[in-house]
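The values are calculated or read from the model by the stated rules, or taken from the named source; none is laboratory data. Note that this is a predicted model, so its numbers are computed, not measured. Cβ placement follows ideal geometry from the backbone for every residue including glycine, while neighbour counts extend to all protein chains displayed. Surface accessibility is based on the protein's heavy atoms, side chains included, excluding ligands, DNA and RNA. Shrake-Rupley method; radii C 1.70, N 1.55, O 1.52, S 1.80 Å.
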Amino acid sequence: MDYGIETQCIYGNGEHFDGDRTGAVSFPIYQTATFAHPEVGRSTGYDYSRLQNPTRERLEQVVAALERGIDAMAFTSGMAAIAVLMELFRPGDHVIADADLYGGSVRLFNHINEKNGIAFDRVDCSGESVEGHIRENTRAIFIETPTNPMMHVIDIRRMAEIARRHDLLLIVDNTFLSPYFQKPLTLGADIVIHSGTKYLGGHNDTLAGFLVVSSVELSERLRFILKTTGSALSPFDSWLILRGIKTLPIRMERAQENAIAIVKYLQAEEKVRRVYYPGIEGTKEYELCRSQATGFGSMLTFEVESRECALRVLKQTKLIPFAESLGGVETLLTYPATQTHADVTEEDRIRTGVTDRILRLSVGIESVKDLIADLKQAFRRE
Ligand SMILES: *Cc1c(COP(=O)(O)O)cnc(C)c1O
């Protein structure tokens with residue numbers, strides 16, 4: 001069915017749930033570890049919840065529909081999804097990873113994947129020539145766009161072309177824009193990652209992760225790793241994320257509207273040196289983001305005049321919590337240098353611009369006048 005994305009967020013590809021005699025409108029939570037078989041050699045299609053569970057399956061169908069994938073897999077967290085993904089590679093393989101990535105992905109690469117014989121080159125995929133870094137053993141390009149926290153925008157179509165030419169996988173972590181604003185598989189990516197904890201769940205209450213794939217072969221390989229290593233999402237958490245996704249479009253729109261208003265305020269705030277947000281007209285990020293996404297999202301980063309000023313703002317907001325994470329209805333203020341990027345080496349942090357004067361805001365759906373008033377008083381109080 002060719003439903004609009006708002007409808008797909010509620011009904012997936014249009015299959016109303018009809019396997020339940022009660023007609024329940026909300027998809028049931030199948031809180032069961034195992035399923036009885038009618039007889040030897042026959043199965044209902046469900047054997048054991050590590051492999052299949054109806055609630056998780058429903059969620060996976062919705063996410064696959066939103067991202068235009070042929071399959072989606074739901075994991076206990078974004079990092080669990082990425083850890084399974086990296087099992088596609090063998091000792092001796094080489095991966096090109098963008099220079100500005102979620103700190104947890106960097107920690108996984110540096111402390112776990114490298115130990116297992118996978119080599120990485122960190123390349124600024126928004127600027128540098130990526131092709132110059134491709135080796136005989138290169139297997140994949142791994143990017144996020146916009147990047148975290150510096151909000152660089154990477155040309156997904158260009159990365160897909162390079163990947164195709166050299167027979168590499170293009171992997172895109174699409175957490176920041178969500179499929180509501182950006183669908184990397186339609187631009188040529190092979191695998192999309194989500195931290196479902198963020199916009200998909202949307203309420204800062206549940207951890208989840210997704211891999212969405214463009215081919216049957218990738219689906220089979222990754223499902224084998226998932227069932228073997230066992231990090232599939234629980235039925236109850238699957239249901240919470242299903243519920244969150246139903247309001248994804250209106251949350252994304254409202255949060256973006258708030259973010260744009262906050263960007264304007266921050267640009268006029270004298271203690272702010274620079275605001276990083278792809279929706280600022282006249283920047284190259286703006287044009288590129290417009291060419292591959294239908295929105296700019298509600299993540300923004302800003303640089304203040306000094307480290308002391310950053311610490312003061314973090315301490316003095318009253319409404320906005322100082323907390324890690326993003327993508328929920330609550331606006332959160334993050335200090336990347338000591339939080340999300342604490343495990344990135346100082347040298348890498350400074351090189352990518354994540355200094356101790358950088359603050360990151362995940363804008364939620366509160367009244368924007370309250371958010372701006374809170375930031376204003378935090379800047380003014382001594
Ligand atoms: C949070 C996040 C992750 C990790 O997801 P968890 O659900 O916290 O494990 C990966 N990528 C990005 C871009 C994120 O923001």
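With the highest mean first, a sort of the peptides 251-259, 160-168 on other beta-carbon atoms found within 10 angstrom per residue produces 251-259, 160-168.
By definition, a body whose alpha carbon gyration tensor gives a ≥ b ≥ c is rounded when a/c is under 1.5, and segment 244-382 falls into this rounded group.
In debye, nearest 20, what is the charge dipole magnitude of segment 115-234 about its Cα centre with +1 on Lys and Arg Cβ and -1 on Asp and Glu Cβ, if you could check? Present the calculation step by step, with values, prior to reporting the outcome.
Working: 13 positive and 14 negative charges, 57 e Å.
That gives segment 115-234 a dipole magnitude of about 280 debye.
One chain, two ends: residue 329 and residue 114. Fully extended at 0.36 nm per residue, the span grows by 73.8 nm beyond their Cα-Cα distance. At a probe radius of 1.4 angstrom, the accessible area of segment 240-382 per residue rounds to 45 square angstrom.
A Förster distance of 30 Å, applied to the separation of the beta-carbon atoms of residue 228 and residue 107, puts the FRET efficiency at 0.85. Treating r as the C-beta distance of residue 286 and residue 22 and R0 as 30 Å, the FRET efficiency rounds to 0.05. Amide H to amide H, with H built 1.01 Å from N, residue 123 comes under 5 Å of 97, 98, 99, counting only residues 5 or more places away or on other chains.
How big is the dipole moment of the chain about its Cα centre under a simple scheme where the beta carbon of each Lys and Arg is +1, that of each Asp and Glu is -1, and everything else is neutral? Debye, nearest 20, please. Dipole size: approximately 620 debye.
With θ taken as phi - 60° and the Karplus curve 6.51 cos²θ - 1.76 cosθ + 1.60 applied, the whole-hertz 3J(HN,Hα) list for segment 363-371 is 8, x, 10, 5, 5, 5, 5, 5, 5 Hz, x standing for glycine and proline.
Nonpolar atom fraction for the chain, defined as the carbon and sulfur part of the 1.4 Å probe accessible area, stands at 50 percent.
Here is how the number arises for the chain: DSSP H runs of 4 or more residues each give -39500 (n - 2.57), the sum is divided by the residue count, and the result at 222 nm is -10500 deg cm²/dmol.
Ordering 32-44, 113-125 by mean Cβ neighbour count within 10 Å, with the highest value first, yields 113-125, 32-44.
Backbone geometry of segment 207-219 corresponds, through the Karplus equation with coefficients 6.51, -1.76 and 1.60 at θ = phi - 60°, to 3J(HN,Hα) couplings of 8, 6, x, 9, 10, 10, 10, 9, 9, 5, 4, 5, 4 Hz, x marking Gly and Pro. A Cβ-based charge dipole, computed about the Cα centre of segment 273-353 with Lys and Arg at +1 and Asp and Glu at -1, lands at about 260 debye. Packing around the peptides 94-101, 315-322, taken as the average count of other Cβ atoms within 10 Å per residue, puts them in this order, highest first: 94-101, 315-322. Backbone geometry of segment 244-256 corresponds, through the Karplus equation with coefficients 6.51, -1.76 and 1.60 at θ = phi - 60°, to 3J(HN,Hα) couplings of x, 4, 4, 9, 3, x, 6, 5, 4, 5, 5, 5, 5 Hz, x marking Gly and Pro. Projecting the Cα positions of 259, 276, 242 onto the charge dipole of segment 239-279 (unit charges on Cβ atoms of Lys, Arg, Asp and Glu, taken about the Cα centre) puts 242 furthest along the positive direction.
Send over a whole-number figure in Å² for the accessible area per residue of segment 14-163, probe 1.4 Å.
Ligands and nucleic acids excluded, the figure is 44 Å² per residue.
Each of 125, 84, 10 was placed along the dipole of the chain (beta-carbon charges, centred on the mean Cα), and the one lying farthest toward the positive end is 10.
Structural descriptor for segment 185-327: relative contact order 24 percent, calculated from alpha carbon pairs under 8 angstrom and at least 6 residues apart.
Cα to Cα, under 13 Å, and not fewer than 8 places away if on the same chain: which aspartates and glutamates meet these conditions relative to residue 227? Straight-line reach from residue 227, under 13 Å: 47, 87. Normalised by the number of residues in the chain, the mean separation of alpha-carbon contacts (under 8 Å, six or more apart) gives a relative contact order of 17 percent. Label separation (residue 342 vs residue 221): 3.5 nm, computed from points 7 Å beyond Cα along the C-beta direction. Label-to-label distance for residue 40 and residue 186 is 5.1 nm, based on points extended 7 Å past Cα in the beta-carbon direction. For segment 75-132, the gyration tensor built on C-alpha atoms gives an oblate shape. Its axis ratio a/c (a ≥ b ≥ c) is at least 1.5, and a/b is not larger than b/c.
Between residue 351 and residue 31, what is the FRET efficiency for a Förster distance of 51 Å, r being their Cβ-Cβ separation, to the nearest 0.05?
The calculated FRET efficiency here is 0.60.
Taking a spot 7 Å from the Cα of residue 373 along the direction of its beta carbon, which residues of segment 322-339 have an amide N less than 17 Å from it? Residues passing the 17 Å test: 331.
Could you tell me whether the chain comes out rounded, prolate or oblate from its Cα gyration tensor? Rule is a ≥ b ≥ c as square roots of the eigenvalues, rounded for a/c under 1.5, then prolate if a/b exceeds b/c, otherwise oblate. List each step's numbers first, then the result.
Numbers: a/c = 1.87, a/b = 1.32, b/c = 1.41.
Cα axes put the chain in the oblate bin.
Sequence-distant contacts, meaning Cα pairs under 8 Å at least 6 residues apart, place the relative contact order of segment 93-204 at 24 percent.
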